Structures are given as structure tokens and as C-alpha cells.
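Here is the structure we will look at.
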Amino acid sequence: MNFTRAIVRPPARSFAAGLSSAGEGPPDVDRALEQHAAYVRALRDCGLQITQLQPDEAYPDGTFVEDTAIVTGRGAVLTRPGAPSRAGEVRGMAQYVRKFFAEPNVIEAPGSVDGGDICEADGHFLIGVSARTNLQGAQQLSEHLARMGYTASVIDITANPALLHLKSGIAYLGDGVWVADQAVEQDLRSQRAIEVRDLILVPAAEAYAANCVRVNQVVFVAAGYPQIRAALQSRGCRVVSLDVSEFKKMDGGLSCLSLRF
Ligand code: CIR
């Protein structure tokens, strides 16, 4: 898929009050803003037009915009995030999603979905059932996607608490190429509806780097993970390394910082 647009929201001054299990201490907000600006520049360098929302002090996790909507080539779904402190983020995002997608579908209670649990691979959507995305949410999302002509299947990651979201542990790079954490490798390989032609297994020491993102002709990878970088380059990928250390402190990564479509 060729992306032409992205929606982003820089972190608010309240960023450090967001949810985190990383145990790495509070993020430096000024540094996070610089890292976010570099991320946005990298998206622009890929030819994307950027819609940049204002930081919102009321939502310290609001910079992780990916969790609030699923945007596809055929329509959008506004999510219902699984963390109560993040529920209100969707309202702020909805008006922007509606600028680009007429009548987005919505996830309703008791369903919950975080966009970080959704991974698209050539028209098939893997839906992670996690501490944030429940079965009812996965079911509702599957039905919305089916009406758009997509297929979907579920991967249950609840037995892997180290993975906040499905995409904390996998990334699809196109052409049957996957990056995966060992914890989800077998689940991924057992999926019938996807092609796993090449799987880059992420070493435990570089687990965070599993959350990489293909943006048109390049792959964004977190800086500081040389094995993943080398594995991608050896396959001919053009890698863009981005320092997201301050977002890692808040359990976030490269994919969660934008909605790409
Ligand atoms: C949270 O716990 O919701 C945020 N601190 C991090 C969300 C990261 N989102 C993502 O990976 N899609």
C-alpha cells in the first residue's frame, strides 16, 4: 500500500503522566518533542502529507494516535481503547478521521480495541486480543472489516504480558516479509490467511525493535538495534533509524505515533 497521508499528535507537557510499565523512569518531554519532530520529518521525506493535531494536556497518551482508529484503503473504524484513561482520545481524533473517511464505523461497549493490536497484511487483518483489545471488540472489528471486503483473524497475546499490543511483537513489511518476536512466531506461522515468505526473528535483546513500520519505500526502525537493522538491510530494505527512546519509556513505539493511509 502506498501511503499519501498521516495523522500525528506531538506529546503534551503531561506526557509523563501516561500509562507505562517500562520501568525506565519518566520521559524528557522536550526530547520527546524533538524525536517526534524527526519522526514527522521522516514521514514527510516519504512523500506523506501530514495532519498535525495539537497536543492535548488532558490525554498524556494522546500522542499514540494509532490506538484510536483503524484506517484502511476502504474505510475507517474509530476504536474504543481498552484503557479507561484513553477512552476520551477517540472523540478528538474522530473529527480528523471524518475529514478523510465518510462515516467511519465505531467499536461499541462492551467491545474494546486499541489500534496497536491491528496489523494489516495485503487485505487480511490480524487482530490481537490483548489486555486492551477484547474478543467482543475483535468480533465487531472483523464485521466492519468484512463489510469493507477484508478478512480478519485473531491472535491471542494475553499469555504474553510483555507485549502490550500485537504490533509490539510483529510488523508486516509487505511481499510476505514479517518481523516477529519469538513469543508470537508460531502464532504467526499458523495463520492460514497470510503468506509468511520470510520471517525476521527478533532477538530477545532487540525485542523493542519488532515494532518497525514500512512507509512506502523505506522501513522505519528504532535506533539502537543493530541486528534488526542489519537483517533488514541484508534483504535490500532501505532503513530509516529513528530515536524514540522517550516514547519507549511510555511503552510506545514507531507505529503508534501515526495513522498512515
Ligand atoms: C499506553 O499504555 O496506552 C501508552 N502508554 C502506549 C501506547 C502505545 N501504543 C501502541 O503501541 N500502539
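Note on segment 11-112: with charges restricted to the Cβ of Lys and Arg (+1) and Asp and Glu (-1), its dipole about the Cα centre is near 360 debye.
About its Cα centre, what dipole magnitude does segment 5-260 give when the only charges are +1 on Lys and Arg Cβ and -1 on Asp and Glu Cβ, stated in debye to the nearest 20?
I would put it at about 600 debye.
Compared with the direct C-alpha span, the chain from residue 193 to residue 99 gains 30.6 nm at full extension, assuming 0.36 nm per residue.
Among the trypsin sites (Lys or Arg not before Pro) within segment 1-79, which fall in a DSSP loop and have no more than 13 other Cβ atoms within 10 Å of their own Cβ? The partial results should precede the final answer.
On the way: sites: 5, 13, 31, 41, 44, 74; in loops: 13, 74.
Answer by residue number: 13, 74.
Using just its DSSP H runs of length 4 or more, each adding -39500 (n - 2.57), the chain gives a mean residue ellipticity at 222 nm of -7000 deg cm²/dmol after division by all residues. For residue 45 and residue 233, the difference between the fully extended length at 0.36 nm per residue and the C-alpha to C-alpha distance is 65.8 nm.
If I compute solvent accessible area with a 1.4 Å probe over the protein chains, what percent of it on the chain is carbon and sulfur? If you can, show how the numbers build up before the last one.
On the way: 5290 of 11230 Å².
Of the solvent-accessible surface of the chain, carbon and sulfur hold 47 percent.
Beta bridges per DSSP, both residues in the chain: antiparallel share near 45 percent. The residues of the chain expose, per residue, 43 Å² of accessible area to a 1.4 Å probe.
Our summary of shape: the Cα atoms of the chain have principal axis extents of 42, 42, 36 Å, ordered from largest down, in whole angstrom.
The values are calculated or read from the model by the stated rules, or taken from the named source; none is laboratory data. Model, not experiment: these values are computed from the prediction. Note: ideal-geometry Cβ built from the backbone for every residue, glycine included; neighbour counts use all protein chains shown. For the accessible areas, the whole protein counts, side chains as well, though only heavy atoms, and no ligand, DNA or RNA atoms are used. Shrake-Rupley method; radii C 1.70, N 1.55, O 1.52, S 1.80 Å.
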